[in-house]
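Comments concern the structure below.
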Amino acid sequence: MISIAIHGGAGVISRDQLGPDDGAAYRAGLAEALDAGYAVLEAGGSSLDAVTTAVRLLEDNPLFNAGKGAVLAHDGYAELDASIMDGRNLSAGAVTGLRHVKNPIDLARRVMEQSPHVFLSGSGAEEFALTQGITLVPNEYFVTPTRKRQLQRVLQGQTQPKNELSGLGTVGAVAVDKSGNVAAATSTGGMTNKRWGRIGDAPVIGAGTYANNASCAVSSTGHGEYFIRSVVAYDICALVEYRGWSLERAAKSVVHEKLVQRGGEGGVIAVDPKGNVVMEFNSPGMFRGMRDSSGQRQIAIYEK
Ligand code: ASP
C-alpha cells in the first residue's frame, strides 16, 4: 500500500482563530501538497520525491511557517531550517540558519545526495547552495505582514489576540512508496523571536525527522527544545523496531505519555513500510492530512 501524511504545524488552533470559513485556505494548502505528493507515489515515484514535492509546496505557501511566511527571528529576519531522510539506507541531509534559500528542503536533499556531509549551517550551507544552482532570494521574500506583526507583539510583550493564530505552521511529510521505502522531510522557520542562532528540532535528525525501512518514517512539530531532548522521531522508530510495537502504539506512547510528562507540546505524523499512517498530537490542534491507496483521504485541523 502506498501512503503519505503531511503536517502544517501543531499548537493552539481554535475555530475562533480560523474564522467563519473554518480555515479554508489552510485546508486548501494542505490538500494541494497532499495530493501532489500522492500523485508522485501513484505514478510510481519514490517516497523521497513525494515528501520533497509536498514540503516544497508548503514552503511556497505563505500561511505556513516554512519558506515564504516563516516566523521571524529577534532581528526581524527569517531564518530557515530543514531536513530529509531516506529509509532505504539511512542517508540524511539537514540545513539550519538559512536566510536566502527559497526552498530549504531542496538544499537539505542536495546535502544528502551531493555532499559527503549530513548537516550544514548558515553561510556555509548557502555557499554550498551556490555550487548546486539552488535558487537564492533576498530575505524579504520570506517576510509577510502577519509574521512582522507577530514579532512586534512578542517584542512589545503583548499577547496574541484570541482570534489570530500565533507562530505555528512548521511543515513536514512522510511517505511510503510502491517498493515499501519510507522517507520523511521537515521544514520550518523555527520560533518567533528566536535569537543567538537557536536551532529547533526540525533539522535535527532523530528529533524532527527520522526514516528507516526497518521501522517507520516520522516528521515532528511542536516545542523544539522538548522534541530534541526526547529525540522524538527516533524514539518512535526505536520502539517499533526494538519492542515490536505497532506504529500507533509507539507514537501514542511518545506523544501522549513521554512528551506530556516532560511538558513538551506538539505532534508527529508517521508511516510504516506497510502503509499504516498515524497523526498524533497533544496540542489543541495540528494542521494535517493523509491519503493512501486503500482510498482513505483526510484533511483535518482540530482534535479528533
Ligand atoms: N518544532 C519547531 C521548532 O521548535 C517549531 C514548530 O514545529 O512549531 O523550531
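When ranked by the protection proxy of mean other Cβ atoms within 10 Å per residue, highest first, what sequence do the peptides 281-293, 106-118, 60-72 form? The partial results should precede the final answer.
Details: 281-293: 22.9, 106-118: 19.2, 60-72: 25.3.
In decreasing order of mean packing, 281-293, 106-118, 60-72 become 60-72, 281-293, 106-118.
Under 16 Å from the Cα of Lys194, which aspartates and glutamates turn up, not counting those fewer than eight places away in the same chain? Reachable aspartates and glutamates: Asp75, Glu79, Asp81, Glu225.
How much length is gained on full extension from Ala31 to Arg229, taking 0.36 nm per residue of separation minus their Cα-Cα distance? Write down the numbers at each step before the final one.
Values: separation 198, 0.36 × 198 = 71.28 nm, distance 3.20 nm.
In short, 68.1 nm is gained.
What does the C-alpha gyration tensor say about the overall shape of segment 228-304? Classify as rounded when a/c is under 1.5, otherwise prolate if a/b is larger than b/c, or oblate. Oblate shape, in that a/c is at least 1.5 and b/c is the bigger or equal ratio. Put simply, the convex hull of the Cα atoms in segment 168-239 casts, on average, a shadow of 4.8 nm². For Lys252, the lysines whose Cα falls under 24 Å of its own Cα, not counting residues fewer than eight places away in the same chain, are Lys274, Lys304. Of the GluC sites (Glu not before Pro) found in segment 143-243, the ones in coil according to DSSP and having at most 15 other Cβ atoms within 10 Å of their Cβ are Glu164.
Report, to the nearest whole %, how much of the accessible area of segment 207-251 belongs to carbon and sulfur atoms, 1.4 Å probe, protein only. Of the solvent-accessible surface of segment 207-251, carbon and sulfur hold 47 percent. If each DSSP helix of 4+ residues adds -39,500 (n - 2.57) and the sum is divided by the residues in the chain, what number results at 222 nm, nearest 500 deg cm²/dmol? After summing the helix terms and dividing by residue count, I get -9500 deg cm²/dmol.
Mind ranking 207-216, 228-237, 12-21 by how tightly packed they are, going by the mean number of other C-beta atoms within 10 angstrom, highest first? Intermediate values should be presented prior to the final figure.
Numbers: 207-216: 27.0, 228-237: 23.4, 12-21: 13.6.
Going from most to least packed, we get 207-216, 228-237, 12-21.
Whole angstrom only: what separates the Cα centroid of segment 173-227 from the Cα centroid of segment 260-281? One Cα centre to the other: 11 Å. Solvent exposure of the chain amounts to 39 Å² per residue of accessible area, where only protein heavy atoms count and the probe is 1.4 Å. According to the calculation over all Cα-Cα pairs in segment 1-99, the P(r) per 5 Å bin from zero is 2, 11, 19, 20, 19, 15, 9, 4, 1, 0 %. Largest first and in whole Å, the equivalent-ellipsoid semi-axes of the chain read 26, 22, 18, each the square root of five times a Cα gyration tensor eigenvalue. Shown is the FRET efficiency for Val260 and Gln160, computed with R0 = 25 Å from the Cβ-Cβ distance and rounded to the nearest 0.05: 0.60. For Lys102, a cut-off of 17 angstrom between C-alpha atoms picks up these lysines, skipping any fewer than 8 places away in its own chain: Lys68. Using the Cα gyration tensor of segment 161-201, with a ≥ b ≥ c the square roots of its eigenvalues, what is the shape: rounded (a/c below 1.5), prolate (a/b larger than b/c) or oblate (neither)? It is oblate, given that a/c is not under 1.5 and a/b is not larger than b/c.
More than 17 Å apart: what percent of Cα pairs in segment 125-211 qualify?
Numbers: 2475 of 3741 pairs.
Pairs farther apart than 17 Å: 66 percent.
The values are calculated or read from the model by the stated rules, or taken from the named source; none is laboratory data. What you see is a predicted model; the values in this text were computed from it and never measured. Cβ coordinates were reconstructed from backbone atoms using ideal geometry, including for glycine residues, and neighbour counts include every protein chain displayed. Quick note on the areas: whole protein, heavy atoms, side chains included, nothing else; ligands and nucleic acids left out. Shrake-Rupley method; radii C 1.70, N 1.55, O 1.52, S 1.80 Å.
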